[in-house]
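The values are calculated or read from the model by the stated rules, or taken from the named source; none is laboratory data. Source: prediction; values computed, not measured. Glycine gets a Cβ as well: all are built from the backbone with ideal geometry, and neighbour counts include every protein chain shown.
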């Protein structure tokens with residue numbers, strides 16, 4: 001058996017740059033360096049959060065407007081209406097704005113966590129909320145013969 005080499009003393013208060021290798025053991029390998037993260041864009045985060053709050057208010061107002069789609073059946077006493085389509089339009093007007101808002105919030109949060117620009121997501125979400133309400137109006141009005149948007 002061989003005796004290990006005597007270690008050179010390290011001055012007090014300093015640490016060796018590389019830990020010594022153990023006899024017969026693997027050499028020290030430094031861990032790979034992580035790539036530098038992008039800095040947080042504070043203005044983008046603030047604008048995105050403000051726009052998400054505005055989207056929540058818009059979804060609430062759109063859902064409130066969707067509740068009134070049930071009044072599309074007011075003229076159905078005189079006309080032959082499709083009540084199932086009116087119900088579908090009414091439910092679409094109540095539910096789809098919130099589905100669009102939840103999807104918008106999820107995508108915006110993922111983009112903010114990944115530190116990518118996210119302010120455009122609530123803007124697109126606002127358009128999606130408005131389009132979902134328009135789609136509900138179209139479905140509900142198509143159930144009443146002779147109705148126009």
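From the residues in segment 71-85 that are part of a helix (DSSP H, G or I) and touching a residue at least 60 places away in the same chain (Cβ under 8 Å), which one is nearest to residue 136 (Cα to Cα)?
From segment 71-85, those part of a helix (DSSP H, G or I) are 71-77, 83-85; that's our starting set.
Retained after the next criterion (residues that are touching a residue at least 60 places away in the same chain (Cβ under 8 Å)): 72-73, 75-76, 83.
Details: 72: 11, 73: 14, 75: 18, 76: 18, 83: 14 Å.
Within segment 71-85, the match that is nearest to residue 136 (Cα to Cα) is 72.
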| query | Only one residue in 122, 145, 97 is surrounded by 21 or more Cβ atoms within 10 Å (Cβ to Cβ), in contact (Cβ under 8 Å) with a residue 60 or more places away in the chain and either over 30 Å from residue 47 (Cα atoms) or touching a helix residue (DSSP H, G or I) at 6+ places or on another chain (Cβ under 7 Å) (or both). Which one? | reply | 122
| message | Within segment 57-73, take every residue that is in contact with a helix residue (DSSP H, G or I) (Cβ under 6 Å, 6 or more places away or on another chain) and over 11 Å from residue 90 (Cα atoms) and give me the one that is surrounded by the fewest Cβ atoms within 10 Å (Cβ to Cβ). | response | 58
| field | Single residue of 140, 135 found to be over 30 Å from residue 44 (Cβ atoms), modelled with pLDDT of 95 or more and more than 20 Å from the chain's Cα centre (by Cα) | value | 135
| request: Test residue 108 against the criterion of being touching a helix residue (DSSP H, G or I) at 6+ places or on another chain (Cβ under 6 Å), touching a residue at least 12 places away in the same chain (Cβ under 8 Å) and either more than 13 Å from residue 137 (Cα to Cα) or part of a helix (DSSP H, G or I) (or both), and give yes or no. | output: yes
| Check on residue 31, loosely packed, with under 10 Cβ neighbours inside 10 Å, part of a loop (DSSP other than H, G, I, E, B), modelled with pLDDT of 75 or more and within 24 Å of the chain's Cα centre (by Cα) | no
